[in-house]
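Asker: Structure below; questions to follow.
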Amino acid sequence: MGSFTFKTHAEGGRAVIRTHGYLSRTAGEKLEQEIVRLLGEGVRRFVMNLHDTDLINSVGISILIGVIERVRAQGGELDFSELTPVNEEIFRIMGLHRHARLLRTDGEAEPR
Amino acid sequence: MMTGAKPGSRAVAESRAVLPGALEPDRFFGRVGEQRSLGLRAASLARGRGRSLAYCARPGSGKTELLRQWHGRVYHEGKILPFWYSVPRDIRDPAALACDILVSLSLQALAFSRRDPLLLTRTLSPGQLAEGLRSAWGAGGVLLAETLAGLEGATPGPFALSKAALAPHRLASLTGTRVLCLVDDVGNLAAAQPGLIWPEEATASPIAPAIFTLDDESQLPPIFGPNVAALVTVDRLGPLSVEASSRLARNLAQSAGLELSEQALAAIARDSGGSPFYLGALVRALVESPGSGLRGVARASAAAVCDGELARYWTDRLAGAIPDRRIRATALEILTFCLQEGEDGPDAGRLAELMLKPEADVESALAGLAKAGVVKVDCTRIVVDDDPVLRDVVQALYRREFGRMSPPAVLAALAAEKVRGASLVQRRLRQRSLRDAVLGLLAACDGQKVPSILFDATAYCSRHGGQGIEDVVTAMSGETDTLTMPHVISVVSGRVGSSRSYPGIELDALAWTMGPEAGAPDADVAWVARFLPGGSGGAGQIEQFCSDVTGLQAAGELPAERLVRWALLEAPLDDEGRLAVSRRRLLTSTRSQFGVLARLLGVAVNLPPLGPVSPVEPEFEMEMVIPRIADVELVAARALEQLAENLAIEAPAIGKLKVALVEACINAFEHGGARDGRVRLVFTVDGRRLEIRVENRGRPLSALPPPAAAGRESRGRGWGLTLIRELVDEVSLEPREDGVCLLMVKYLGRGEDG
């Protein structure tokens, strides 16, 4: 039903994942699988670009919180970039900004 | 424990501790799913494709018992060599620990080969052990004996330790026998060079993998390194089901000669919260004092729990994470408060205020509790598992450390929450009362000249719930904007947008073209209103109305000037009718527009009936039914987006409405009880309101759950209503006969701020 897709660009231990479409439970699970895969390949720095995701639900965000915890448990970090104002508000209401940085651009994540 | 003794020369005689307990393979202890999973793992190991596994759970969850039972089963089957090792706390000498592990492996290998578990209780000299190993395991036995000899001396080097660590794998490789290492409390390795004692190669062995237990998942990376996910499958042990708890309680009681009633079993299953440790304590207390009743038993078992190993575990853990005694007291009070508050958990931001504590103390205490793994701050909520063991231990620790029964801060916080709940109720009542008063004022205005503030009655009440009717009257006295009836109708309906194509709007827009005459606050204007059927014959009706008015004017019954003719229409006019209205300069409104006005005024407007009387219809209504398909709520959100754009709602507000609708749909699917799982959506544009109804057939809810009952179902669920409340102007639940309807309201014409 949903038309969620994403593209990953991984280089030098860092990955930028650009999402497109509705971030729901199914989409969150797809992203989780992708990040677990990347963790297995040694990637530890993640930026999730949500510019093309105009709609997101609380289940999707909850899965993302789990993903952040998972990345952190392995010494990594996951940031979000280019959120729409509404999505940023939702993230703040749910307190996700306490778990991850909300960036204006992908490049803002570097250097730490 | 052997740890701390000199390596090489001391281990054999002290090896009784490795015995993993009485083996009773047929005893039910719960964990049926886990045992099935372990069976599959054993089959993989038999094929040389084993993989290490880590069970993470709090103390008292039954992970050691699971490992113990599995050891017994593997031992009795005799196909795989089970090697049990319980890692001690307070390891001082890693080399001594490595030696101890190797001695233990050697002894268990010998006992396994001879099928003689009693061998583990005997004392063997190093020479006897070496000889036994050689004769039982051939090259593998020689390897073990040589590796053991290599550890002799005061400080064995890294090479010797590395060989010792890989001994299970090498034994399996040389003998063709699969080895399953069962390592209890592996978390204790964290302080003892785990990379040397249990290196990555040992964990990754497909022919000698391990099943570990540990208390906290955060211990994994320090022990297994950053690649832990590639090396170990992590499994979290949850509480036992009610059925399994009940069955386990019956078995434990029966084995002690006590037959429990179904009622007692159910109570034990409920009170234990699925914790095998606590369940065992309850049953033991019942066996020891069968006449004391469940309440007394619970007290006795709580006392037993608090005097045991678990209390020491939590004491050490909290003291390690929070060394400052004063902060630790605050931490225990926070825990007590959280456990008494129940599963919603208090708001972390309000905790200091509630508990009358300095903010810095509360922050330090929370950080310490999080570090100790006792609580999680899930967004803004503090989440503590309602673990009966933890509950009793916390209370006992507080009493023990600070000599008081009930922390005053906790009592203050609980009282503050009660006051807050009461004030919310009061506020709602005040709002309702104010709204009624405002509507009374509107009715008294009799529809001619009305301060515009009163037409914002609903919004005003929700914004100023703390004020009284006197404040509204004061606000009215400063209000210069007064509205007359036609103007009001246009304000009410015109907010929908004069360019939209909803029934009646075009006519009202036509009325506006009459300029100041229609909207002027002029008391001298005389009004003549007539109710007309409208529709395709509307032109004739308009002409007839105008002709009648002219006749009355000619007769002197109506003034000749400053007369406003106002046609109230049952149905919209056709093009010919509109032309007539324009030519004759009439004001027109539809019945539904008039209904909106009537509702705002809070008065009954008696329009003359035309044909069958129908309820007042909304200006626009759209309905859709969505099936329970993954992500189907997206379809509803897109439909809402289209509608909201037509209503000229601003983009950010549309975004919020979409999220609110999506959350409402997800909630409706979750709570719905209908077999087909369908959810009905109704969008209504009514005056200045956009109403969205989300209806499901399921369990009726009598009231909205409290805000942010967050993250307690599966993680993160429970946020739906909190988000909805934040994103729309009003939200309420309307119980239905066979379900519930969630009503969300968005006021049109408001900016994002208001």
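The values are calculated or read from the model by the stated rules, or taken from the named source; none is laboratory data. Everything numeric in this text was worked out from a predicted model, so none of it was measured. Heads up, the Cβs are rebuilt from the backbone with ideal geometry, glycines too, and the neighbour counts pull from every protein chain shown. Keep in mind that these areas ignore ligands, DNA and RNA; they rest on the heavy atoms of the full protein, side chains included. Shrake-Rupley method; radii C 1.70, N 1.55, O 1.52, S 1.80 Å.
Asker: Hey, does the range A:13-34 have a residue that's within 10 Å of chain B (Cβ to nearest Cβ) and of a type in the set (V, I, T)?
Answerer: Yes; the residues of the range A:13-34 include at least one that is within 10 Å of chain B (Cβ to nearest Cβ) and of a type in the set (V, I, T).
Asker: Hey, another quick one. Report, by residue number, each residue of the range B:225-263 that is without any contact (Cβ under 8 Å) to a residue 40 or more places away in the chain, within 14 Å of chain A (Cβ to nearest Cβ) and open to solvent by less than 40 Å² (accessible area, probe 1.4 Å).
Answerer: Correct list: B:G225, B:V228.
Asker: Hey, any hits in the range B:726-742 for a residue that's modelled with pLDDT of 80 or more, out of contact with any Leu (no Cβ under 6 Å at 6 or more places or on another chain) and within 11 Å of chain A (Cβ to nearest Cβ)?
Answerer: Within the range B:726-742, one or more residues are modelled with pLDDT of 80 or more, out of contact with any Leu (no Cβ under 6 Å at 6 or more places or on another chain) and within 11 Å of chain A (Cβ to nearest Cβ).
Asker: Within the range A:39-50, restricting attention to residues that are surrounded by 21 or more Cβ atoms within 10 Å (Cβ to Cβ) and under 13 Å from the mean Cα position of the chain (by Cα), which residue is farthest from the other protein chains (Cβ to nearest Cβ)?
Answerer: The residue in question is A:V47.
Asker: Would you check which residues across the range B:598-624 are outside any loop (DSSP other than H, G, I, E, B), surrounded by 12 or more Cβ atoms within 10 Å (Cβ to Cβ) and at pLDDT 50 or above and list them?
Answerer: The answer is B:F620, B:E621, B:M622, B:M624.
Asker: Please give the number of the condition A:I93 fails out of (1) within 13 Å of another protein chain (Cβ to nearest Cβ); (2) at pLDDT below 90; (3) surrounded by fewer than 19 Cβ atoms within 10 Å (Cβ to Cβ).
Answerer: (3)
Asker: Then there's this: Kindly indicate whether any position in the range A:26-49 is more than 29 Å from B:L220 (Cβ to Cβ) and touching a residue at least 40 places away in the same chain (Cβ under 8 Å).
Answerer: yes
Asker: Given the conditions (1) of a type outside the set (A, V, I, L, M, F, W, C); (2) within 10 Å of chain B (Cβ to nearest Cβ); (3) under 12 Å from the mean Cα position of the chain (by Cα), which single one is not true for A:T53?
Answerer: (2)
Asker: Let me ask something else about it. Could you look through the range A:57-75, keep only residues that are more than 7 Å from chain B (Cβ to nearest Cβ) and open to solvent by less than 20 Å² (accessible area, probe 1.4 Å), and pick out the one that is nearest to A:G42 (Cα to Cα)?
Answerer: This residue is A:V71.
Asker: Could you tell me whether the range A:76-85 includes any residue that is under 23 Å from B:R381 (Cβ atoms), within 14 Å of chain B (Cβ to nearest Cβ) and crowded, with 20+ Cβ neighbours inside 10 Å?
Answerer: The answer is yes; a qualifying residue exists.
Asker: Right, here's the next one. If you check B:G8 against the conditions, is it modelled with pLDDT under 85, assigned to a helix (DSSP H, G or I) and not β-branched (V, I, T)?
Answerer: no
Asker: Okay, moving on. Please go through (1) more than 17 Å from B:D216 (Cα to Cα); (2) buried (at least 21 other Cβ atoms within 10 Å of the Cβ) for B:L40 and return the number of the only condition it doesn't satisfy.
Answerer: (2)
Asker: Follow-up question, since we're still on this one. Please verify whether B:G595 is under 60 Å from the mean Cα position of the chain (by Cα) and either at pLDDT 80 or above or on the phi > 0 side of the Ramachandran plot (or both), treating the condition exactly as stated.
Answerer: no
Asker: Quick check: anything in the range B:543-561 modelled with pLDDT of 75 or more, touching a helix residue (DSSP H, G or I) at 6+ places or on another chain (Cβ under 9 Å), more than 27 Å from B:L647 (Cβ to Cβ) and surrounded by fewer than 18 Cβ atoms within 10 Å (Cβ to Cβ)?
Answerer: Scanning the range B:543-561, I find at least one residue that is modelled with pLDDT of 75 or more, touching a helix residue (DSSP H, G or I) at 6+ places or on another chain (Cβ under 9 Å), more than 27 Å from B:L647 (Cβ to Cβ) and surrounded by fewer than 18 Cβ atoms within 10 Å (Cβ to Cβ), so the answer is yes.
Asker: Moving to a separate point now. If you take the residues of the range B:639-698 that are crowded, with 20+ Cβ neighbours inside 10 Å, more than 22 Å from B:W719 (Cβ to Cβ) and within 14 Å of chain A (Cβ to nearest Cβ), which of them is modelled with the lowest pLDDT?
Answerer: Here the residue is B:I649.
Asker: Which count do you get for residues in the range B:703-725 that are at pLDDT below 75 and out of contact with any Phe, Trp or Tyr (no Cβ under 6 Å at 6 or more places or on another chain)? Walk me through it before giving the result.
Answerer: Initially, the range B:703-725 is screened for residues at pLDDT below 75, giving B:703-718.
Now restrict to residues that are out of contact with any Phe, Trp or Tyr (no Cβ under 6 Å at 6 or more places or on another chain): B:703-709, B:711-718.
Matching residues across the range B:703-725 total 15.
Asker: Continuing with this model, one more query. Looking at this structure, is A:I56 closer than 16 Å to B:E663 by Cβ, modelled with pLDDT of 90 or more and β-branched (V, I, T)?
Answerer: Criteria met by A:I56.
Asker: Looking at the range B:77-114 only, could you name the residues that are open to solvent by 10 Å² or more (accessible area, probe 1.4 Å) and modelled with pLDDT under 85?
Answerer: If the condition is that a residue be open to solvent by 10 Å² or more (accessible area, probe 1.4 Å) and modelled with pLDDT under 85, then B:R89, B:D90, B:I91, B:R92, B:D93, B:P94, B:A95 are the ones that fit.
Quick grid of which residues meet (1) modelled with pLDDT under 85; (2) farther than 21 Å from B:R41 by Cβ; (3) in contact with a strand residue (DSSP E or B) (Cβ under 9 Å, 6 or more places away or on another chain); (4) not small (G, A, S):
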| site | (1), (2), (3), (4) |
| --- | --- |
| B:A165 | no, yes, no, no |
| B:V183 | no, no, yes, yes |
| B:N188 | no, yes, yes, yes |
| B:A208 | no, no, yes, no |
| B:T213 | no, no, yes, yes |
| B:G225 | yes, yes, no, no |
| B:V232 | no, no, yes, yes |
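Residue-wise test of (1) surrounded by fewer than 23 Cβ atoms within 10 Å (Cβ to Cβ); (2) closer than 15 Å to B:L81 by Cβ; (3) free of Cβ contacts under 8 Å to residues at least 24 places away in the same chain.
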{"site": "B:L124", "(1), (2), (3)": "yes, no, no"}
{"site": "B:A149", "(1), (2), (3)": "yes, no, no"}
{"site": "B:P158", "(1), (2), (3)": "yes, no, no"}
{"site": "B:L171", "(1), (2), (3)": "no, yes, no"}
{"site": "B:C181", "(1), (2), (3)": "no, yes, no"}
{"site": "B:L196", "(1), (2), (3)": "yes, no, no"}
{"site": "B:E200", "(1), (2), (3)": "yes, no, no"}
{"site": "B:F212", "(1), (2), (3)": "no, no, no"}
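Asker: Pairs needed: first member in the range B:264-278, closer than 15 Å to B:G238 by Cα; second member anywhere, assigned to a loop (DSSP other than H, G, I, E, B) and modelled with pLDDT under 80; C-beta distance under 6 Å; at least 6 residues apart or different chains.
Answerer: Going by the 6 Å Cβ cut-off, the qualifying pairs are B:S275/B:G60; B:F277/B:G60.
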